[in-house]
Amino acid sequence: MKASFKAKYETDKAAAAATVAVNAGDIKLRASMTDATIVSGPNLNGLALAVEKPGFFIVDYNVPKKDFRFQFMNTIRVSEKPLNLTYMHSRGDNRTSLDGTLVFDSANKVSANHVLGSGNCKLKYTYVHGGLTTFEPSYDFSKNSWDFAISRRVYGDDVFRAAYQTSSKNLGLEWSRNSKLNGSFKISASLNLADERKMPKLTAESTWDFEM
């Protein structure tokens, strides 16, 4: 049995979440809750259940909303290159999306996302240079705009990332660390360059994993 605890802090609020996962053969059972489940007495707010077969499917159930979300994964080969496909459907808002990622090699891949019944389609190219620096330009067809991101891995566990959305003029900076010994954390700042006040939004997240 595995458990994780996540705490999130923003300039004006704080939140927490916990997850417990149990392996049943090749099936994983997962339950998660947020601080809304406990605040003001035990209740169903923030409670979610999931059944997962890694690499094949995930079924999520939002208990308070009585809403299911289905996710199915498969991999096919195109010209001897793996094409990873993901189908997602949320029953509550009747939203269906398709994701596809074509992996050319360890340094190059192209991914696309499309929401069925809408003009919402995004295309992203990912290039990893030297195994440490990642460039991710993407194009949003619905907004007719480009987004750009660059990240750099340093000291093994630390990753620094910068991203810019041209449509909203939003600049994001992020520092994250994923350590099996000391837990994981992420510190991020976002700034809307179109805002005259130029006040950044700061967020800090910490995650601890436990074997039970």
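The values are calculated or read from the model by the stated rules, or taken from the named source; none is laboratory data. A quick note: this is a predicted structure, and the numbers were derived from the prediction, not measured. Here the Cβ positions follow ideal geometry from the backbone for every residue, glycine too, while neighbour counts run over all protein chains shown.
Look at V159 and say whether it is out of contact with any Lys or Arg (no Cβ under 7 Å at 6 or more places or on another chain) and in contact (Cβ under 8 Å) with a residue 12 or more places away in the chain.
On the way: out of contact with any Lys or Arg (no Cβ under 7 Å at 6 or more places or on another chain): no; in contact (Cβ under 8 Å) with a residue 12 or more places away in the chain: yes.
Spelling it out, it is not the case that V159 is out of contact with any Lys or Arg (no Cβ under 7 Å at 6 or more places or on another chain) and in contact (Cβ under 8 Å) with a residue 12 or more places away in the chain.
Tell me whether region 99-117 contains one or more residues that are among the aliphatic types (A, V, I, L, M), assigned to a loop (DSSP other than H, G, I, E, B) and modelled with pLDDT of 95 or more. Before the answer, list the steps.
Keep residues of region 99-117 that are among the aliphatic types (A, V, I, L, M), which gives 102-103, 107, 110, 112, 115-116.
Those still in the list that are assigned to a loop (DSSP other than H, G, I, E, B) too: 107, 116.
Filter once more, keeping what is modelled with pLDDT of 95 or more: 107.
The answer is yes, given that some residue of region 99-117 is among the aliphatic types (A, V, I, L, M), assigned to a loop (DSSP other than H, G, I, E, B) and modelled with pLDDT of 95 or more.
Within region 162-212, restricting attention to residues that are acidic (D, E) and more than 21 Å from A21 (Cβ to Cβ), the residue that is surrounded by the fewest Cβ atoms within 10 Å (Cβ to Cβ) is E196.
Taken together, the residues in region 88-126 that are of a type outside the set (A, V, I, L, M, F, W, C) and more than 19 Å from the chain's Cα centre (by Cα) amount to 10.
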